[in-house]
Every structure is written in C-alpha cells, then in structure tokens.
Amino acid sequence: QEAGPGTTAAVVWLDYDSPQGIVAAASKQAAVDAGPRLASFLTEVDELKAPGAKTTVIGHSYGTDVVGQALIAGGRADRVVLTGSPGITKYVDEAADFVPTPTRLYVERAPGDYVAYTEWHGPDPATFPDAIRMATNDPLANDEAVSVHWHNEYYRPNSEALRNIGRVVRGDLSAITTTNT
C-alpha cells in the first residue's frame with residue numbers, strides 16, 4: 001500500500017530455512033546456501049516482468065544477509081533496501097563490494113536495533129559510505145506518525161521507516177528522508 005496501490009506487485013520469497021533463535025542466526029550458512037537460489041529467482045523475475053518495470057529487493061534482519069549473498073552470486077535488482085542488518089560478510093564494508101552498478105543500496109537502522117549493532121555477519125550496511133541511509137523517524141512528524149525503535153518496527157504503518165521503503169519501491173527517490181545517525 002505504501003508503495004502505491006495498483007502500480008506495484010509484491011512477491012514474498014521464502015525459499016530457505018531461516019535460522020530459528022539467536023544461536024542459529026549467528027551462523028551465516030543458511031544465507032550462503034540461500035543466496036544463489038534468490039539470485040536465480042531474481043533472474044526469473046527479470047525475464048517475466050513487464051518492460052520498464054523496476055525490481056526492488058527488500059531484506060530485513062537475517063534476510064539482509066540472504067539478499068547480500070544473492071547479489072554476490074550475480075543477482076540483479078534496480079534497487080535494494082536493507083533494514084536491521086547483522087552485516088553481509090566480513091570483507092563487505094561498502095555497497096560497491098556487493099551491489100552491482102547502477103543499483104543503489106538504501107539502508108535503515110532504527111535506534112536501539114540490537115541486531116544491527118552486533119555486526120555478527122560483518123559491518124552494518126548503515127555504516128557504508130556509499131549507501132543511502134534512510135531515516136526511520138520523522139523529526140517533523142505530526143501526532144499520527146509512529147515512532148520506530150528496536151529491531152522489529154521498520155514496517156509499522158504511519159512510520160517514516162515504512163514511508164521511505166515505499167518511496168524507494170515506487171521510485172520517488174527525491175522524497176526519501178535521510179539521516180547520518
């Protein structure tokens with residue numbers, strides 16, 4: 001809905017066994033195994049989509065590592081959004097290390113997001129100098145705006161975090177609010 005009803009198709013890809021629990025999530029193996037499958041799926045989507053249609057891949061938490069592994073394995077998208085990331089891999093410390101040109105990387109890290117701060121799988125993409133760091137909270141928000149804190153709130157309705165994700169999906173890139181913190 002935030003991306004623009006009637007103009008956007010959403011596909012949820014879950015072709016991997018996501019780790020259950022913190023101990024299992026400390027391992028990268030599920031992401032390493034899933035990355036090539038997601039890359040293959042993105043190739044299929046590219047072949048099936050309408051001419052001129054744009055693809056945005058969005059990953060949250062462990063899913064950001066899966067998206068990163070897919071891009072490393074040759075997956076392509078027009079735009080990539082990562083929220084609450086534990087990192088991609090130890091040697092990836094900028095978008096150019098895994099996001100192919102001309103794709104842009106958009107990232108969100110909410111205040112208090114303990115998963116992003118752990119950097120279990122590598123540097124947090126929110127620290128990459130060539131990533132676009134989107135705001136998760138609107139400093140000029142009205143009373144209806146929803147505040148986003150911690151790890152599982154990026155997709156809350158009426159939040160700046162979700163509005164920014166919608167802006168990326170629909171290609172309204174000049175309307176994105178950014179932050180340095």
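The values are calculated or read from the model by the stated rules, or taken from the named source; none is laboratory data. This structure is a prediction, so every number in the text was calculated from the model and none was measured. Neighbour counts run over all protein chains shown; Cβ positions are idealised from the backbone, glycine included. These accessible areas exclude ligands, DNA and RNA; they are computed on the full protein's heavy atoms, side chains included. Shrake-Rupley method; radii C 1.70, N 1.55, O 1.52, S 1.80 Å.
Just one residue in the set Glu108, Glu44 is modelled with pLDDT of 95 or more, among the acidic types (Asp, Glu) and closer than 21 Å to Thr179 by Cβ; that residue is Glu108. Tallying residues that are without any contact (Cβ under 8 Å) to a residue 60 or more places away in the chain, among the hydrophobic types (A, V, I, L, M, F, W, C) and open to solvent by less than 20 Å² (accessible area, probe 1.4 Å) within segment 24-40 yields 3. Figure legend. Inter-residue proximity from segment 4-15: first residues open to solvent by 80 Å² or more (accessible area, probe 1.4 Å), second residues among the β-branched types (Val, Ile, Thr), beta-carbon distance below 8 Å, spacing 6+ or different chains. Indicated pairs: Val11/Val45.
In this structure, is Thr83 of a type outside the set (Asp, Glu) and touching a residue at least 60 places away in the same chain (Cβ under 8 Å)? Spelling it out, Thr83 is indeed of a type outside the set (Asp, Glu) and touching a residue at least 60 places away in the same chain (Cβ under 8 Å).
For segment 41-62, what are the residues that are open to solvent by 50 Å² or more (accessible area, probe 1.4 Å) and in contact (Cβ under 8 Å) with a residue 12 or more places away in the chain? The answer is Phe41, Thr43, Asp46, Lys54, Ile58, His60. Residues in segment 87-114 that are surrounded by 24 or more Cβ atoms within 10 Å (Cβ to Cβ) and touching a residue at least 60 places away in the same chain (Cβ under 8 Å): Tyr106 only.
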